1. Using alpha-carbon positions, what is the distance between the centroids of the stretch 258-314 and the stretch 8-72, in Å?
2. Once you've got the GNM for the chain with C-alpha springs shorter than 10 Å, pick whichever of GLY223, GLY165, GLY30 has the biggest mean-square fluctuation.
3. Under a plain spin-label model, where a point goes 7 Å from the Cα along Cα-to-Cβ, how far apart in nm are GLU43 and LYS60?
4. Determine the sum of side-chain charges near HIS63: Lys and Arg each +1, Asp and Glu each -1, restricted to other residues whose C-beta is under 11 angstrom from that of HIS63.
5. Just rank GLU119, GLU298, fewest to most, by other beta-carbon atoms within 10 angstrom.
6. How far apart, in nm, are the 7 Å Cα→Cβ label points at LEU229 and GLU52?
7. In the chain, what percentage of the DSSP-assigned beta bridges are antiparallel, given to the nearest 5?
8. Quick one: pull the percentage of alpha-carbon pairs in the chain with a separation above 24 Å.
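Quick note: the coordinates plus some simple rules give every number you see, no bench work behind them. Note that the coordinates shown come from a computational prediction; the quantities given were computed from them, not determined experimentally. Cβ: placed from backbone, ideal geometry, glycine included. Neighbour counts: every protein chain shown.
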Amino acid sequence: MKKVLITGAAGFLGSHLCDRFIREGYHVVGMDNLLTGSLTNIEHLFKLKEFEYYHHDVTKFVHVPGELHYILHFASPASPMDYLKMPIQTLKVGALGTYNLLGLAKEKNARILVASTSEVYGDPLIHPQPESYWGNVNPVGPRGVYDEAKRFLEAITMAYHNFHGLDTRIVRIFNTYGPRMRVMDGRVLPAFFSQAIRGEGLTVFGDGSQTRSFCYVDDLVEGIYRLLLSDCHEPVNIGNPDEITILEFASEVLELVKNPAAHVVFKDLPVDDPKVRQPDITRAKAVLGWEPQVPRSEGLQKTLDYFRQVVTLD
């Protein structure tokens, strides 16, 4: 049985990856320091002999006993609310955490896949964003701690690949949604769903003309799984190119939730908020044979069912 280490295992994406790899017959070692993750996301796995959990901060030395075939590095605060509150931890997990896990991969002769982000493109001047685009990032702005942590993560991963011959993969993740997102995540989808369920104003920043492209979590996990098992060392965009404005998205949420008290409220646009976001998935299609399968209407309904269970109305 092949063994895979997944960091950030108790987070939104990490927990879904744990589920997938267990279904595929792997022994999964989950690691998380619960800075933003929650054990409720993986508590169903604790009874399984194919799963073990380490409460550990990957910015400190990482050791996993025995053989290790794959590492997926998904530990990081991942929403603006998180990295504005925890800027130094965000930088450390992208830099020191990645360094420690690349060292572990080298020691174990393991293949490592690191989670990068569409935020490496910053507020893009090219649309949609192909992997060849170098980005438009403000390194000293409030979002810079996340953007630059991930840009460093990519740079050091490629350095280990080129200098040490390490077997590496880089995924650039675009906006993803689904069950197990945190209610107080700070990102647009959890905010809209929780506000609509409670009958509050849906907070739209600026005039709502900025765009996002939402990918359902099952599609993303499939893309990551295929990338890990591929031969591609270059960064690969995984996301859904179905672009929508934030104002249109607010209307979709209102229509779906059907709470007559819910409405839209407008607030000033945050600093360095990207105006557009849409992946060019030409490489993923060509190299992985991957493209998203779940329509937004279906994914949103599944996500709403989850949010109705976890959003408190008091």
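1. When both Cα centres are located, 25 Å separates them.
2. Result for the chain, Cα springs under 10 Å: GLY165 fluctuates most.
3. Placing both labels 7 Å beyond Cα along the Cβ direction yields 2.5 nm.
4. Values: positive: LYS60, LYS108; negative: GLU107.
Around HIS63, the charge tally is +1.
5. GLU298, GLU119
6. Distance between the two pseudo-spin positions: 2.5 nm.
7. On the way: 3 of 40 bridges.
Around 10 percent of the beta bridges assigned by DSSP in the chain are antiparallel ones.
8. 52 percent
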